[in-house]
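Undergrad: First the structure, then my questions, so here it is.
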Amino acid sequence: MEDLSSLKDDLIAAYDRQASERDRSERQAWKIEERDKFLNFIRAHSYQSLLEIGSGPGHDAKFFQNEGLEVNCVDMSPNMIVLCKAKGLNAQVMDFSHLTFADNSFDALWALNCLLHIPKSELRTVLSGIQRVLKPGGLFYMGVYGGRNSEGVREDDRCEPKRFFSFFTDERLKQVLAEFFTIVSFNTLPHSDVLNFQSVVMKNG
């Protein structure tokens, strides 16, 4: 496997190049449903603050802000953060492997299709950082593709540079997440012949 800094540089370059295209794209219906379900969890707890990591152009962060939440969003791609700020979002370039927010800063955290770019050897470090910035009892949504065990740069990736992906079986992902969080719900949605989408809502503590 390439070194971690090289993988991150390629991810940043790929998403910088795609920023405008992703900003113009329509949100898929199933992703909107996932977002609405998590908002219901947040409202059931009367929570107010949310951090989105891997925010992309800010479509989801803007939705949560429009719903009355206090939103912060971070992404490693500078071009994505420019688009977030243009939407009036509190956004900054940040590697979510090294979150710089204070302990217990947020009621909720939203991570859709970003943690699948983290090598398996680094995932626990990232989850520990998420646990740290979430308040006790805070809610964490993680959505990734998986269902089989593999990691590496996908040669069939349409992005350039080609991106690194890490996939877990359902059971293995549950095992790793349960080391840090209480799993509230774990659902899968069909995606392709070899992958599904893993939708997980967790509580900190």
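Undergrad: For segment 47-205, give the percent of accessible area contributed by carbon and sulfur heavy atoms, probe 1.4 Å, rounded to a whole number.
TA: 48
Undergrad: Residues of the chain: accessible area per residue at 1.4 Å, in Å²?
TA: 46
Undergrad: Please list 96-107, 60-71 highest first by mean number of surrounding beta-carbon atoms within 10 Å per residue.
TA: Order by mean packing, descending: 60-71, 96-107.
Undergrad: Report the charge-dipole magnitude of segment 65-150 in Debye, nearest 20, computed about the Cα centre from +1 at each Lys and Arg Cβ and -1 at each Asp and Glu Cβ.
TA: The dipole of segment 65-150 has a size of about 240 debye.
Undergrad: For Ser185, what accessible surface area do you get with a 1.4 Å probe? Give it in Å², rounded to 10.
TA: 30
Undergrad: Sticking with this structure for a sec: If I model a spin label at Ser49 and Ser97 as a point 7 Å from the Cα along the Cα→Cβ vector, what separation in nanometres do I get?
TA: Each label point is offset 7 Å from its Cα along the Cβ direction, giving 2.6 nm.
Undergrad: Another one. Taking θ as phi - 60°, what are the ³J(HN,Hα) couplings along segment 45-61 by the Karplus curve (6.51, -1.76, 1.60), each to the nearest whole Hz, with x for Gly and Pro?
TA: Per-residue couplings from phi come out as 9, 6, 7, 10, 9, 9, 10, 9, 9, x, 6, x, x, x, 4, 6, 4 Hz.
Undergrad: Also: Taking only C-alpha pairs under 8 Å that are 6+ residues apart, what is the relative contact order of the chain in percent?
TA: Answer for the chain is 19 percent.
Undergrad: Here is a follow-up. Can you show me the helix-derived [θ] at 222 nm for the chain, built from DSSP H runs with n ≥ 4 at -39,500 (n - 2.57) apiece and divided by the number of residues, rounded to the nearest 500.
TA: -11500 deg cm²/dmol
Undergrad: How large is ³J(HN,Hα), in whole Hz, for each residue of segment 30-36 in order, when computed from phi with the Karplus curve 6.51 cos²θ - 1.76 cosθ + 1.60 and θ = phi - 60°, using x for Gly and Pro?
TA: Karplus values, whole Hz, x for Gly and Pro: 5, 6, 5, 5, 4, 5, 5.
Undergrad: If you don't mind, another one. Tell me, what is the Rg over Rh of the chain, with Rh the Kirkwood radius over Cα pairs?
TA: 0.93
Undergrad: Can you tell me the dipole magnitude for the chain around its Cα centre, using point charges on the Cβ only (Lys, Arg +1; Asp, Glu -1), in Debye to the nearest 20?
TA: Charge dipole of the chain: 440 debye, to the nearest 20.
Undergrad: About the Cα centre, and with charges only on the beta carbon of Lys, Arg (+1) and Asp, Glu (-1), how big is the dipole of segment 40-102? Nearest 20 debye, please.
TA: Value, rounded to 20: 140 debye.
Undergrad: Mind checking the full-extension length gain between Lys87 and Glu26? Use 0.36 nm per residue of separation minus the Cα-Cα distance, one decimal, nm.
TA: Extra length from Lys87 to Glu26 when fully extended: 20.4 nm.
Undergrad: Return the long-range amide H neighbours of Ser55 (sequence gap of 5 or more, or a different chain), with a cut-off of under 5 Å between placed amide H atoms.
TA: Val74, Asp75
Undergrad: Next question, about the same structure. Could you list which residues have their amide H under 5 Å from that of Val184, counting only those 5 or more apart in sequence or on another chain, with H placed in the peptide plane?
TA: Amide H neighbours of Val184, under 5 Å, 5+ apart: Val201, Met202, Lys203.
Undergrad: Using each residue's phi in segment 167-173, evaluate 6.51 cos²θ - 1.76 cosθ + 1.60 at θ = phi - 60° and report the 3J(HN,Hα) Karplus result to the nearest Hz, with x for Gly and Pro.
TA: Residue by residue, segment 167-173 yields 10, 10, 5, 4, 5, 5, 5 Hz.
The values are calculated or read from the model by the stated rules, or taken from the named source; none is laboratory data. Computed from a predicted model, the values in this text were never measured in an experiment. With ideal geometry, Cβ positions are generated from the backbone for all residues, glycine too; neighbour counts draw on all protein chains shown. We work out accessible area using only protein heavy atoms, side chains counted, and drop any ligands, DNA or RNA first. Shrake-Rupley method; radii C 1.70, N 1.55, O 1.52, S 1.80 Å.
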